[in-house]
1. Of Ala143, Ala132, Ala101, which residue is surrounded by 15 or more Cβ atoms within 10 Å (Cβ to Cβ), closer than 26 Å to Leu27 by Cβ and more than 12 Å from the chain's Cα centre (by Cα)?
2. For residues in region 59-98 being assigned to a strand (DSSP E or B) and over 18 Å from Lys133 (Cα atoms), which is farthest from the chain's Cα centre (by Cα)?
3. Would you confirm whether any residue within region 128-148 is under 27 Å from Phe21 (Cβ atoms), part of a loop (DSSP other than H, G, I, E, B) and not small (Gly, Ala, Ser)?
4. Among the residues that make up region 24-41, is at least one of them touching a strand residue (DSSP E or B) at 6+ places or on another chain (Cβ under 8 Å), loosely packed, with under 13 Cβ neighbours inside 10 Å and either over 20 Å from Gly140 (Cβ atoms) or touching a residue at least 40 places away in the same chain (Cβ under 8 Å) (or both)?
5. Restricting attention to region 116-124, does a residue exist that is surrounded by fewer than 21 Cβ atoms within 10 Å (Cβ to Cβ), assigned to a strand (DSSP E or B) and in contact with a strand residue (DSSP E or B) (Cβ under 9 Å, 6 or more places away or on another chain)?
6. Of the residues Pro81, Pro65, Pro12, which single one is modelled with pLDDT of 95 or more and either exposed (fewer than 12 other Cβ atoms within 10 Å of the Cβ) or of a type in the set (S, T, N, Q) (or both)?
7. If the requirement is being among the basic types (Lys, Arg) and part of a loop (DSSP other than H, G, I, E, B), which of these qualifies: Lys16, Lys5?
Amino acid sequence: MIDLKKLIRVIPGYPKPGILFYDITTLLKDPVGLHWAVDILANTFLAQKINLVIGIEARGFIFAPMVAYRLNAGFVPARKPNKLPADRASMPYSLEYGKDAIEIHRDAIRPGNDVLIIDDLLATGGTAAATAKLVESLGGRVAGIGFVIELEELKGREKLSPYPVHSILKY
């Protein structure tokens, strides 16, 4: 077993003082660590029938397609507003200072699809919760939500109840 935490670079004071930034680029460049992270995420949901894996912009795009491949599922990008070219569905959510939204193509999810949502980091849970609501608004079922890193003190997992949430590394 590889210690994935040793492959995460922690940068104090980025992007502003008082913040600890958990940099996954050091994990991504390590072929064994990357393989382990993708396998752990995929294996957690292997027993479920997953039709689609949604990756949340931007770093969820790194892991979600690989997990989708391992689960024999399709991949759907969830993007910031106005970045997708076709008819979009949107879900707003609150940030610490303001609002944002997440969008997917309206035809990406069919009613009854079982969907896994993947992102690199769970902080407050706002983006993942909005993505889950967006999936359900299009008739999909959220089978689970997976993260490489979870910042436990921010209690984002609470915002994602009742969905099954799995994170590989907890800080």
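1. Details: Ala132 fails: more than 12 Å from the chain's Cα centre (by Cα); Ala101 fails: closer than 26 Å to Leu27 by Cβ.
Exactly one residue qualifies, and that residue is Ala143.
2. Gly98
3. No, region 128-148 contains no residue that is under 27 Å from Phe21 (Cβ atoms), part of a loop (DSSP other than H, G, I, E, B) and not small (Gly, Ala, Ser).
4. Filtering region 24-41 down to residues touching a strand residue (DSSP E or B) at 6+ places or on another chain (Cβ under 8 Å) leaves 24-27, 37, 40-41.
Next, only the ones that are loosely packed, with under 13 Cβ neighbours inside 10 Å stay: 25.
Narrowing the set further to residues that are either over 20 Å from Gly140 (Cβ atoms) or touching a residue at least 40 places away in the same chain (Cβ under 8 Å) (or both) leaves 25.
Looking for residues that are touching a strand residue (DSSP E or B) at 6+ places or on another chain (Cβ under 8 Å), loosely packed, with under 13 Cβ neighbours inside 10 Å and either over 20 Å from Gly140 (Cβ atoms) or touching a residue at least 40 places away in the same chain (Cβ under 8 Å) (or both), one finds at least one in region 24-41, hence yes.
5. At the first step, the residues of region 116-124 found to be surrounded by fewer than 21 Cβ atoms within 10 Å (Cβ to Cβ) are 123-124.
Filter once more, so that each one left must be assigned to a strand (DSSP E or B): none.
No: zero hits.
6. On the way: Pro81 fails: either exposed (fewer than 12 other Cβ atoms within 10 Å of the Cβ) or of a type in the set (S, T, N, Q) (or both); Pro65 fails: either exposed (fewer than 12 other Cβ atoms within 10 Å of the Cβ) or of a type in the set (S, T, N, Q) (or both).
From the options Pro81, Pro65, Pro12, the qualifying one is Pro12.
7. Values: Lys5 fails: part of a loop (DSSP other than H, G, I, E, B).
None of the others qualify; the one that does is Lys16.
The values are calculated or read from the model by the stated rules, or taken from the named source; none is laboratory data. Since the model is a prediction, treat every value here as computed from it, not as a measurement. Note that each Cβ is placed from the backbone with ideal geometry, even for glycine, and that neighbours are counted across all protein chains shown.
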